[in-house]
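Just below is one structure, and these are the notes that go with it.
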Amino acid sequence: MPNIVVCYKWVLDEQDIKINPANLALDTSRAKYKISEYDRNAIEEAVLQAEKSGASVVCLTFGTSTAKQSLKDALSRGPEKAYWINDAAAEKADAFVTSNVLVAALRKVGDYDIIICGEGSADTYGQQVGPRVATLLDIPVITFVTEMKIEGNKVIATRKIGDCTEVVTVQIPVVITVLPEVNKPRIPSLKQVLGAAKKPVTEWKIADLGLNMEDTEPKNNVKSIKGFVMSRKNVIYKEGTPAEKVTSLVANLTKEGAL
Amino acid sequence: MAGIWVYSEDTNIAQQLLTLGGELADKTQQQVCAVTIFEQDAQELIASGADKVFVLKGDSAWPESYAQAVADLASKESPMAVFIGATLRGKDLAAKVAARLKTGLVTDAFSVRYEDGAIETDRMMYGGLAVCTEVLRGIGLATIPPRTYDVPVKDNSRTGEIVKVNVAVEAAVAVGNVCPIVRQGADIATAEKLVCIGRGVGKKEDLLLAQNLAAVLGAEIGCTRSIAEDYHWLPNENYIGLSGQKVKPSLYLSMGVSGQIQHVAGIRDSKIIVAIDTNENAPIFAAADYGIVGDLYQIVPLLTEALK
Ligand SMILES: Cc1cc2nc3c(=O)[nH]c(=O)nc-3n(C[C@H](O)[C@H](O)[C@H](O)COP(=O)(O)OP(=O)(O)OC[C@H]3O[C@@H](n4cnc5c(N)ncnc54)[C@H](O)[C@@H]3O)c2cc1C
């Protein structure tokens with residue numbers, strides 16, 4: 001009966017982020033947080049696999065104090081227990097730091113056979129943490145998985161890799177990163193939400209994990225994060241009949257040589 | 001630290017990266033080196049600008065299993081930067097290389113330059129809402145999306161050094177049943193004109209509206225993620241955006257696409273963007289050159305007729 005650990009990230013909902021047109025600074029003051037979309041697929045997959053194989057599922061997240069709100073949400077989706085590395089360092093962590101922290105925590109959790117991650121996070125979409133974690137643990141990783149099956153001590157996964165699909169077999173322990181097509185995350189029922197409050201949560205600080213200073217310092221130097229501006233003509237036809245709008249559009253596209 | 005390196009399991013993409021490699025190598029007075037697992041392509045990489053080609057010789061046909069070998073070679077030779085083609089395989093490999101080298105990695109850099117003595121990259125964040133500029137440290141690693149740079153003009157008279165390196169490859173993984181995904185249409189990533197459908201198109205039969213318009217325009221048909229992944233009306237290769245295809249057509253025309261940031265991230269390089277949507281506040285209009293606020297069921301047949 002394999003033990004599954006599923007990792008997720010608590011991220012700002014990009015739909016709530018505003019850009020200040022004067023200096024292109026990001027205004028996140030009204031932004032809410034969410035469990036990164038692909039990680040919802042990861043949690044769902046871990047739980048589906050557990051339902052099939054009798055495995056146990058715990059979830060693991062590295063986040064700032066804001067991630068406290070995530071625990072109930074994650075647990076209501078099915079995991080039995082949550083591990084939370086609650087540290088302000090998460091705010092500035094890059095994939096180097098995140099994977100060091102997750103690996104140290106996984107070692108402390110101890111029993112892991114299958115680690116499931118989303119393919120990338122909704123904020124940075126770096127697509128690195130899964131393969132980095134596997135490399136640091138010195139175990140294989142199967143990325144971009146659309147289907148998986150546990151057979152004894154093996155995982156057989158189908159990955160979708162651009163112009164082909166591959167069926168890959170590995171012995172556990174293994175890291176799996178899933179694509180959104182792998183499943184449709186459930187919407188937790190009220191009972192599951194209420195039940196989540198009773199599930200255990202273990203909270204650690206980075207200091208509890210025995211990492212060196214340099215393992216927790218981001219590698220590249222972020223010089224700026226600025227709103228992306230798109231300069232487009234924005235000629236929008238709102239008034240007039242459909243035929244008039246079409247005539248104006250065709251006239252302009254002809255003038256542009258676009259047709 | 002010496003050398004600007006490029007790697008891709010796709011030699012055409014490796015050649016595109018040599019355009020970037022060459023630029024940076026000139027600015028920093030260094031060699032540009034290609035790392036490849038295909039010995040037969042070494043000469044071609046030299047013709048495309050590599051001064052040196054490292055050929056990794058291992059007994060695996062699976063590109064991902066060369067991550068350790070690329071990392072070992074990089075830690076021995078200490079290049080200033082390694083640019084890796086951002087295919088899915090490339091991203092997998094790059095993350096493993098970064099973990100072994102204990103370094104940072106920029107995913108999907110869309111712009112790279114040499115400034116104040118260091119390499120700087122730009123990449124998207126928050127689904128394309130923001131741009132993050134980073135200064136690379138140590139051995140700088142970045143993955144670069146296909147078609148970000150053009151393939152350099154080949155010069156078959158160029159000479160360069162070819163270094164063969166015997167490497168051990170990861171063997172923990174058994175790969176079986178490799179199935180090509182058969183494209184049902186043209187490759188939308190390279191299409192000259194695109195008609196894109198979103199959830200505003202109410203039923204699968206109404207795809208005909210898009211097909212008729214595409215036929216008079218000579219365009220291919222793309223879609224939003226919802227259409228491919230939730231409705232399965234078109235294959236996954238046809239959805240455009242951050243996690244789908246990045247497109248660069250001369251004309252992109254959408255109908256019933258709201259223009260969420262993740263979709264817009266894939267159409268930014270289009271020359272002209274046209275949108276048709278009933279909701280005048282749909283974000284797609286802010287990303288469009290021309291837009292019609294209206295019902296696509298009225299507008300598209302009229303437009304198709306007008307273009308005939
Ligand atoms: C991490 C992440 C990655 C993602 N990656 C991608 C990606 O790569 N590509 C992608 O496309 N999406 C992606 N998405 C999803 C994206 O956020 C949107 O949900 C999606 O693009 C919306 O698709 P849509 O425009 O078809 O649908 P909707 O947002 O539902 O928009 C439908 C539009 O149709 C209009 N409409 C309705 N009826 C009519 C009519 N009769 N005539 C004209 N207009 C009409 C409506 O006004 C509306 O604007 C991603 C999301 C996340 C979180």
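The values are calculated or read from the model by the stated rules, or taken from the named source; none is laboratory data. All values reported here derive from a predicted model rather than from experimental measurement. Cβ: placed from backbone, ideal geometry, glycine included. Neighbour counts: every protein chain shown.
Overview of results
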item	result
Candidate set: the range A:225-259, residues that are basic (Lys, Arg) and in a loop (DSSP other than H, G, I, E, B); chosen: the one nearest to B:Gly127 (Cα to Cα)	A:Arg232
Residue match in the range B:219-230 (condition: within 13 Å of the ligand (Cβ to nearest atom), more than 13 Å from chain A (Cβ to nearest Cβ) and out of contact with any strand residue (DSSP E or B) (no Cβ under 7 Å at 6 or more places or on another chain))	no
Any hit, the range B:116-138, residues being in contact with a Ser or Thr (Cβ under 9 Å, 6 or more places away or on another chain) and under 30 Å from A:Gln171 (Cβ atoms)	no
Qualifying residue in the range B:203-217 (condition: of a type in the set (Gly, Ala, Ser) and either modelled with pLDDT under 95 or in a loop (DSSP other than H, G, I, E, B) (or both))	no
Residue among A:Asp27, A:Asp16, A:Asp39, A:Asp87 that is acidic (Asp, Glu) and over 21 Å from B:Gly127 (Cα atoms)	A:Asp87
When residues of the range A:113-138 are limited to those that are surrounded by 22 or more Cβ atoms within 10 Å (Cβ to Cβ) and more than 9 Å from every other protein chain (Cβ to nearest Cβ), the one farthest from A:Asn153 (Cα to Cα)	A:Ser121
Any hit, the range A:161-169, residues being at pLDDT below 95, in contact with a Leu (Cβ under 6 Å, 6 or more places away or on another chain), surrounded by fewer than 23 Cβ atoms within 10 Å (Cβ to Cβ) and over 23 Å from A:Tyr83 (Cα atoms)	yes
Cross-chain or 6+ apart pairs with Cβ under 7 Å, the range B:282-304 first and at the interface with chain A (Cβ under 7 Å from one of its Cβ atoms) and closer than 14 Å to A:Glu244 by Cβ, then within 12 Å of the ligand (Cβ to nearest atom) and part of a helix (DSSP H, G or I)	B:Ile292/B:Ile299; B:Gly294/A:Pro242; B:Gln298/A:Pro242; B:Ile299/A:Pro242; B:Leu302/A:Pro242
Evaluation of A:Ile4 against (1) within 25 Å of A:Val182 (Cα to Cα); (2) in a helix (DSSP H, G or I) (one fails), failing number	(2)
Residue list for the range A:50-77, restricted to those being buried (at least 23 other Cβ atoms within 10 Å of the Cβ), over 23 Å from A:Ile206 (Cβ atoms) and not hydrophobic (A, V, I, L, M, F, W, C)	A:Arg77
Residue within the range A:171-184 that is touching a helix residue (DSSP H, G or I) at 6+ places or on another chain (Cβ under 8 Å), surrounded by fewer than 13 Cβ atoms within 10 Å (Cβ to Cβ) and more than 7 Å from chain B (Cβ to nearest Cβ) present	yes
Filter result for B:Ser258 (in contact with a Pro (Cβ under 9 Å, 6 or more places away or on another chain), assigned to a loop (DSSP other than H, G, I, E, B) and more than 10 Å from chain A (Cβ to nearest Cβ))	yes
Filter pass, B:Lys91 being crowded, with 20+ Cβ neighbours inside 10 Å and more than 21 Å from B:Gln15 (Cβ to Cβ)	no
Positions within the range B:141-184 being surrounded by 14 or more Cβ atoms within 10 Å (Cβ to Cβ), part of a loop (DSSP other than H, G, I, E, B) and within 19 Å of the chain's Cα centre (by Cα), in sequence order	B:Pro145, B:Pro146, B:Arg147, B:Thr148, B:Tyr149, B:Val151, B:Pro152, B:Ile181
Among the residues listed as A:Tyr8, A:Tyr33, the single one being more than 29 Å from A:Lys52 (Cβ to Cβ) and among the aromatic types (Phe, Trp, Tyr)	A:Tyr33
Hits in the range B:189-202 (condition: within 16 Å of the ligand (Cβ to nearest atom), in a strand (DSSP E or B) and within 21 Å of the chain's Cα centre (by Cα))	B:Leu194, B:Val195, B:Cys196
Scope the range A:93-117; condition over 16 Å from the mean Cα position of the chain (by Cα) and of a type outside the set (Val, Ile, Thr); matching residues	A:Asn100, A:Ala104, A:Ala105, A:Leu106, A:Arg107, A:Lys108, A:Gly110, A:Asp111, A:Tyr112, A:Asp113
Those residues of the range B:133-164 which are among the hydrophobic types (A, V, I, L, M, F, W, C) and in contact with a helix residue (DSSP H, G or I) (Cβ under 9 Å, 6 or more places away or on another chain), in sequence order	B:Ile139, B:Leu141, B:Ala142, B:Ile144, B:Val151, B:Ile162
Positions within the range B:204-260 being closer than 22 Å to A:Ile161 by Cβ and aromatic (Phe, Trp, Tyr), in sequence order	B:Tyr239
Selected residue (criterion: surrounded by the fewest Cβ atoms within 10 Å (Cβ to Cβ)) from residues of the range A:3-38 that are within 16 Å of the ligand (Cβ to nearest atom) and among the hydroxyl-bearing types (Ser, Thr, Tyr)	A:Tyr33
The range B:120-140 - residue that is of a type outside the set (A, V, I, L, M, F, W, C) and not in a strand (DSSP E or B) and, of those, farthest from B:Val264 (Cα to Cα)	B:Gly138
Where a residue in the range B:203-221 is more than 19 Å from B:Ala306 (Cα to Cα) and touching a residue at least 24 places away in the same chain (Cβ under 8 Å) and its partner, wherever it lies, is surrounded by 14 or more Cβ atoms within 10 Å (Cβ to Cβ) and of a type in the set (S, T, N, Q), with Cβ under 8 Å and at least six apart	B:Ile221/B:Gln211; B:Ile221/B:Asn238
Residue list for the range B:231-243, filter: aromatic (Phe, Trp, Tyr) and near the ligand (Cβ under 7 Å from one of its atoms)	B:Tyr239
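Conditions (1) closer than 30 Å to A:Leu137 by Cα; (2) more than 10 Å from chain A (Cβ to nearest Cβ); (3) modelled with pLDDT under 95, marked per residue:
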residue: B:Ala47; (1), (2), (3): no, yes, no
residue: B:Val55; (1), (2), (3): yes, yes, no
residue: B:Ile84; (1), (2), (3): yes, yes, no
residue: B:Leu93; (1), (2), (3): yes, no, no
residue: B:Val112; (1), (2), (3): no, yes, no
residue: B:Met124; (1), (2), (3): yes, no, yes
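Residues checked against (1) closer than 29 Å to B:Arg123 by Cβ; (2) near the ligand (Cβ under 7 Å from one of its atoms):
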position	(1), (2)
B:Asp269	yes, no
B:Ile276	no, yes
B:Asp289	yes, no
B:Val300	no, no
